[in-house]
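Q: One structure follows; several queries about it will come next.
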Amino acid sequence: MEGILVIDKPSGPTSHDIVDILRRKSGIKRIGHTGTLDPMATGVMVVLIGRATRVSRFLELEPKTYIAEATFGITTDTQDITGEVLSESAGMPDEATIKRLLPDFAGDILQVPPMVSAVKIGGKKLYKLARAGHEVERPARGVHIFRFEFLESFEAEGRLKAVFEVECSGGTYVRTLIHDLGERAGGGAALSALRRTRVGRFGLEHALTIDALGDDSNSITEHLLSVDNALDHLAEATIKTDAVAFVKNGRLLDEDVLITYPKDADPQSYLRIKTTDGEFLGLGRVRLSEGFSVAPEVVLAQ
């Protein structure tokens with residue numbers, strides 16, 4: 001069994017909990033995912049099963065889209081409402097101020113990851129250091145915000161809440177984005193709800209709940225999506241049938257065995273390697289040093 005399963009994660013379990021459930025259902029240990037959702041968060045979780053885990057690095061940085069709710073006038077140690085309250089403010093920004101600030105967070109920005117996160121500093125995960133009572137300096141990381149749109153605002157329990165749609169690069173912390181917006185607006189803010197609606201080409205329309213899956217591997221198999229389709233944003237290179245063994249052995253594919261390929265491909269870019277029958281064999285990197293060639297790097301052919 002191999003392929004991609006898109007899960008609509010419920011609030012409560014960790015992403016690792018979801019993987020454990022799928023391991024029990026499928027009987028397969030080799031299962032991973034393309035981006036952690038905090039326990040509080042819900043929505044699209046792209047799960048890789050079997051040899052599909054080999055392409056995780058190509059999917060982890062795919063753009064992600066979220067619906068995020070912020071509560072203003074409060075800050076916490078986790079930057080969301082599950083954490084310990086650090087400050088509270090009676091004064092809160094108005095809707096106009098919030099809208100005015102959003103363009104400042106568009107495009108390439110720097111984020112300092114929260115202490116309660118899986119980022120590693122000196123080989124140790126930050127959340128483990130935080131649990132031990134340690135706070136360390138964290139270097140800012142570059143991320144890209146494609147869209148940060150205001151949807152609505154309302155008052156609840158004496159606080160202003162606002163809902164946003166965020167489309168961002170992989171590796172972006174939405175709770176940090178909300179925290180930083182609160183700092184700029186005055187009075188602080190914490191993430192109070194988060195739903196991921198899309199990862200790359202996969203949206204909620206592709207997602208299944210855990211409860212919708214049966215208790216055996218057959219229920220998973222019938223819902224698997226192909227790795228080839230997940231990577232269809234990459235161009236193709238088609239090879240001769242007798243060159244399939246070259247791919248399996250990691251041998252360079254030169255113009256003698258390539259049938260079709262994008263001649264204008266950038267050097268070092270990745271291509272999907274396929275047979276003339278459409279069988280997906282893996283991914284290779286373009287080389288232009290001595291003519292056009294493709295070096296297999298991720299092999300899925302059996």
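Q: Return the loop-located GluC sites (Glu not before Pro) in segment 93-143 (DSSP other than H, G, I, E, B) with at most 14 other Cβ atoms within 10 Å of their own Cβ; answer none if there are none.
A: Of the GluC sites (Glu not before Pro), the ones in loops of segment 93-143 whose Cβ has at most 14 other Cβ atoms within 10 Å are E135, E137.
Q: Modelling each spin label as a point 7 Å along the Cα-to-Cβ direction, I'd like the E152/L252 distance in nm, to one decimal.
A: A separation of 6.0 nm, rounded to one decimal place.
Q: Moving on. At 0.36 nm per residue, and after removing the present C-alpha to C-alpha distance, how many nm does the segment from E205 to S289 gain when stretched out fully?
A: Computed gain between E205 and S289 is 25.9 nm.
Q: How would you classify segment 138-186 from its alpha-carbon gyration tensor, with a ≥ b ≥ c the square roots of the eigenvalues: rounded for a/c under 1.5, else prolate if a/b is greater than b/c, otherwise oblate?
A: Oblate, since a/c reaches 1.5 and b/c is not below a/b.
Q: With runs of 4+ DSSP H residues as the only contributors, calculate the mean residue ellipticity of the chain at 222 nm using -39,500 (n - 2.57) per run, divided by the residue total and rounded to the nearest 500.
A: Dividing the helical sum by the residues of the chain leaves -4500 deg cm²/dmol.
Q: Mind pulling the angle between the C-alpha long axis of helix 174-185 and the longest principal axis of the chain? Nearest 10 degrees, somewhere in 0 to 90.
A: Orientation of helix 174-185: about 40 degrees from the principal axis.
Q: May I ask for the angle, rounded to the nearest 10°, between helix 15-26 and the longest principal axis of the chain, with both axes built from Cα atoms and the value confined to 0 to 90°?
A: 40 degrees
Q: Which shape class applies to segment 234-299: rounded if a/c is under 1.5, otherwise prolate when a/b exceeds b/c and oblate if not, where a ≥ b ≥ c are the square roots of the Cα gyration tensor eigenvalues?
A: Rounded.
Q: Continuing with the same structure: Sort out for me the Cα centre separation of segment 48-69 from segment 158-188, rounded to whole Å.
A: 22 Å
Q: On a full-extension model of 0.36 nm per residue, what is the gain between D94 and T14, subtracting their alpha-carbon distance, rounded to one decimal in nm?
A: My answer for the length gained is 25.4 nm.
Q: Mind checking which of K161, K25, K124 has the largest fluctuation in a GNM of the chain, springs on alpha carbons under 10 Å?
A: Sorting by GNM fluctuation, first place goes to K124.
Q: Same structure again: Going through segment 213-251, which trypsin sites (Lys or Arg not before Pro) have at most 16 other Cβ atoms within 10 Å and a DSSP loop state?
A: K240, R251
Q: In percent, what relative contact order does the chain have, based on Cα pairs under 8 Å that are 6 or more apart in sequence?
A: Result for the chain is 20 percent.
Read the figures in this text as sums done on the coordinates, not as results from a lab. Here the structure is a predicted model, which is why all the values come from computation and not from measurement. For neighbour counting, all protein chains shown are included, and Cβ atoms are generated from backbone atoms with ideal geometry for every residue, glycine included.
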